[in-house]
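Beneath this line is the structure, given in structure tokens, with notes to follow.
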Amino acid sequence: MNELPLFPPQASTMSAEVDNLFFYITAVAAFFTVAIYICLGVFAVLYRRRDPRFVPRPILGSTILETTWSVVPLGLAMVMFGWGAKLYYDQYTPPENAHEIFVIGKQWMWKTQHPSGQREINELHVPVGRPIKLTMATQDVIHSFYIPAFRIKRDVIPGTYTSMWFTATKPGRYRLFCAEYCGTSHSGMIGWVTVMEPGDFENWLSGGASESMAQSGEKLFSQYGCASCHSNDQPGRCPPFRGVYGSTQQLTDGRRILADDAYIRESILNPQAKIVAGYQPIMPTYQGQISEEDLLRLLAYIKSIGQRPQPASEGIAEGPARGTMGATPAPREATTNPQAPTKTGRPPR
Amino acid sequence: MRIASQPTYAEKVPINYLNAEHGLKSWLLTVDHKRIAILYLLSVTAFFLVGGLFALLIRLELLTPQGDLVRSDVYNRLFTMHGIVMIFFFLIPSIPAVLGNFIIPIMLGARDLAFPKLNLLSWYLYMIGGILTLYAVLAGGVGTGWTFYTPYSTVYSNSHVMVTAIGVFITGFSSILTGLNFIVTTHTMRAPGLTWSRMPLFMWSLYATSLIQVLGTPVLAIAILLVGIERLWGVGIFNPALGGDPVLFQHLFWFYSHPAVYIMVLPAFGVISELIQNFSKKRIFGYKFVAGASVAIAVYGFLVWGHHMFTTTQSVYAGMIFSFLSFFIAIPSAIKVFNWTATLYQGSISYQTPMLYAIGFIGLFVIGGLTGLYLATMGVDIHVHDTYFVVAHFHFIMVGGSVLAYLGGIHYWWPKISGKMYPDGWGRFSALVVFVGFNLTFLPQFILGYLGMPRRYHAYPEEFWVLNVFSTAGASILGVGYFLPLVYLIWSWFYGPEAPANPWQARGLEWQVPSPPPTTNFPAPPLVTQETYEYSLEEAEVV
């Protein structure tokens, strides 16, 4: 009980920006609080009742005063709005080159997995100075991933992916909380974010996982029976996947949509929702039969073969380099037609 | 204010609404608005004690970082039930159903509300909802948070969710009927000469509150019905596994529950406007702005619900619109504070108990309101959302604001309600204790929140310990502050000296009938020929 911190540490590029805005609001709030308290105090003493028979002269009001004390606070508040909106946009818009890490919330733990395969529970290791994008899903209820030292938080919502990003600035260990009430052990759903020097992080990454997320995903691709139909090479009853991720898909109803994380997810869980032009709605749903973790690995696999306009089987077989998956969506114009057969064979397993 | 009635009515007829009839039946089947107000007073006080007991256990658990007093499931049920009981069964009905019920018809110069039987029905609905909720508590409680967020509440929680939800659903109708009754009463029952621009500010704020109750509460009922439909028939509305959207629930919930904040605080504004004027003997500065601000808040209150959802999947641009509108609602609240302060200027201020509560209210509401700016500012809200910063903010509004105003109002109208005077020294002491205890409880929570301590945590990291000890210490002082009025007000009911008709030398029709008032309020409909707050008139001239 000998600790009494009064202000959280600043450990991301966002921390100081949020704090500066916080100080601005505090300055405005302090000004009005002090002004009103002084008026109350002075009036309370000066105009205390001395003679019970004295009836003060009523003052009906003043439009000039009313206008002043409406417009001036509104102006100060509009600065808060603009500044806050800009910051919010930045907080929720990951840079293109961000390194992607996957997060799954479940009652009551955080599971994280790096593209190269390392898995952690209630821990997250990240390098200093590099933008990190977290793609997050939940196995059950709503959770919220919160790192106070980074001044960043995002809800993880069932049935969809949410994302957040940060660039850590100071090596160290920082608290990780679940901020959205999620049941019995909500307060036990906490952990640590470890920020490391880039060299240390590389060392840490290289010790551990035997296969990358994309490799695991490729195995799942067979296990769940996806491969029997979605062959990557022969167009059959189902559209092949090579080059799909990040491309624009033509649907049977005429819409054109971008094949992103949400689209891939929906196509697995609710395949009838969007049918690619030229195919029949024959795929069964995988809702309730596939865990969020496996879903993310399948996504990683589909991403990994979607990012190369020309298949490069060797690269995938040897495990994608760290940071390749999810780093940048493939350029849209460079993607292949999903219906066009590709030439080379599937990567060996 | 001048009324055309027999001035000596009070002396001639000592029969009043309390002694006109006797027996339990005369209370349970009464259609007298004053007796129904007493029924509400007893029941909201009981619920306040229940909710306060939960708060006490919560603060005791948080005295140490480890979760060692109760199990986490119990803790989760404690804060859930604390929220549900305090919001739906204390704060929402407190000022409107107790003080409003008692005072509104008299303030307007009317015999009763427009629909006296509907008024009694409101109380019964409230009690049925309350008893269902208490049954859920005794059966094991509900642990979803008062927000009932899906899919936790619909799929994962094994507590008594549906019973509680039905309790809240039924109580909602009580709120709707009370609102409807007040709106019709305000439109049709005003005494001759009591024009809209002469109406007491308490009436304006309750009128605005009633609009929200009638328009907003049905949406909560719809949300609860949809949860029931999903649970019973498996229709995918909120559950993504069935094709629903959990964030849709949050939209529906906050569409009611943000305006519900104004249901709780607008009546408080009305009480404070009355107290500030009567204890400074000065007409409000800027009557039209203060009255208009109430209506503006009622309207704007419906447009800002998305600011509870900045961290969800709500689009960034939708969030910006909600943030923008949220700053606008700060202005009418600020106008009220400035006008109350300006009213004191050159006044003749006396410091009896109600006025101390009123000044305490302004002091706390200023902090509560200004800390709302941090939450409306999206970039900062991302950090403090769902932390103790939010807990501190809304307790400043709802406890520092609404509860202090309710206590101030109870102390102000107590002589009228009970016909007895309470010891003013004890009253002033209680106001001081409440103010000190409140600040010690909730100021440290702002720091905790910015440090990042999430709300609804049963156990917490050690670095948050010291501030939590302050908070628990403050809560025990606050508890004493609440206990004092309970004791001396009950004492005064039986043993207090008789109250005169107008102990505060106040204006307003309610001070021109005897204390306690006769069942019929006025012997003949009064005629209003002056503004409500004409303190310059001699007392003798008025009655």
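Every residue, every condition in (1) more than 14 Å from chain A (Cβ to nearest Cβ); (2) more than 12 Å from residue B:150 (Cα to Cα); (3) loosely packed, with under 14 Cβ neighbours inside 10 Å, yes or no:
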residue: B:220; (1), (2), (3): yes, yes, no
residue: B:223; (1), (2), (3): yes, no, no
residue: B:227; (1), (2), (3): yes, no, no
residue: B:231; (1), (2), (3): yes, no, no
residue: B:237; (1), (2), (3): no, no, no
residue: B:242; (1), (2), (3): no, yes, no
residue: B:252; (1), (2), (3): yes, no, no
residue: B:257; (1), (2), (3): yes, yes, no
residue: B:260; (1), (2), (3): yes, yes, no
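Applying the condition of being crowded, with 23+ Cβ neighbours inside 10 Å and more than 10 Å from chain A (Cβ to nearest Cβ) to region B:373-396 and asking which residue is farthest from residue B:319 (Cα to Cα) yields B:396.
Restricting B:129, B:109 to those that are at positive phi and either modelled with pLDDT under 95 or more than 14 Å from every other protein chain (Cβ to nearest Cβ) (or both) reduces the list to B:109. In region B:327-358, of all residues being part of a loop (DSSP other than H, G, I, E, B) and more than 7 Å from chain A (Cβ to nearest Cβ), the one that is surrounded by the fewest Cβ atoms within 10 Å (Cβ to Cβ) corresponds to B:351. Take the conditions (1) surrounded by fewer than 17 Cβ atoms within 10 Å (Cβ to Cβ); (2) hydrophobic (A, V, I, L, M, F, W, C); (3) within 7 Å of chain B (Cβ to nearest Cβ); residue A:21 misses just one of them, which is (1).
Selection over region A:243-274 of residues that are in contact with a helix residue (DSSP H, G or I) (Cβ under 9 Å, 6 or more places away or on another chain) and not basic (Lys, Arg) gives a count of 15.
Quick grid of which residues meet (1) more than 7 Å from every other protein chain (Cβ to nearest Cβ); (2) surrounded by 12 or more Cβ atoms within 10 Å (Cβ to Cβ):
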{"site": "A:26", "(1), (2)": "yes, yes"}
{"site": "A:32", "(1), (2)": "no, yes"}
{"site": "A:38", "(1), (2)": "yes, no"}
{"site": "A:52", "(1), (2)": "yes, no"}
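All conditions in (1) touching a residue at least 12 places away in the same chain (Cβ under 8 Å); (2) within 7 Å of chain A (Cβ to nearest Cβ) hold for residue B:316, with the sole exception of (1). Report whether or not residue B:207 is without any contact (Cβ under 8 Å) to a residue 24 or more places away in the chain, surrounded by 24 or more Cβ atoms within 10 Å (Cβ to Cβ) and of a type outside the set (Lys, Arg). Against the criterion (without any contact (Cβ under 8 Å) to a residue 24 or more places away in the chain, surrounded by 24 or more Cβ atoms within 10 Å (Cβ to Cβ) and of a type outside the set (Lys, Arg)), residue B:207 does not qualify. Kindly evaluate residue A:64 against the criterion of being within 7 Å of chain B (Cβ to nearest Cβ) and surrounded by fewer than 20 Cβ atoms within 10 Å (Cβ to Cβ). No; evaluated as a whole, the condition is false for this residue.
Please indicate, with yes or no, whether at least one residue in region A:77-92 is in a loop (DSSP other than H, G, I, E, B) and in contact (Cβ under 8 Å) with a residue 24 or more places away in the chain. So far as region A:77-92 goes, yes, one or more of its residues are in a loop (DSSP other than H, G, I, E, B) and in contact (Cβ under 8 Å) with a residue 24 or more places away in the chain. Condition first: modelled with pLDDT of 95 or more and of a type in the set (D, E, K, R). Now tell me which residues in region A:1-47 satisfy that. The answer is A:17, A:19.
Restricted to region B:294-311, and to residues there that are within 12 Å of chain A (Cβ to nearest Cβ) and in contact with a Gly (Cβ under 9 Å, 6 or more places away or on another chain), the residue that is farthest from residue B:211 (Cα to Cα) is B:310.
Which residue, of B:494, B:442, B:483, B:438, is more than 10 Å from chain A (Cβ to nearest Cβ), within 21 Å of the chain's Cα centre (by Cα) and surrounded by fewer than 19 Cβ atoms within 10 Å (Cβ to Cβ)? Give the steps one after another, and end with the answer.
On the way: B:494 fails: within 21 Å of the chain's Cα centre (by Cα); B:442 fails: surrounded by fewer than 19 Cβ atoms within 10 Å (Cβ to Cβ); B:438 fails: surrounded by fewer than 19 Cβ atoms within 10 Å (Cβ to Cβ).
B:483 is the lone residue from the list that is more than 10 Å from chain A (Cβ to nearest Cβ), within 21 Å of the chain's Cα centre (by Cα) and surrounded by fewer than 19 Cβ atoms within 10 Å (Cβ to Cβ).
The values are calculated or read from the model by the stated rules, or taken from the named source; none is laboratory data. This structure is a prediction, so every number in the text was calculated from the model and none was measured. Ideal geometry is used to build each Cβ from the backbone, glycine not excepted, and the neighbour counts take in all protein chains shown.
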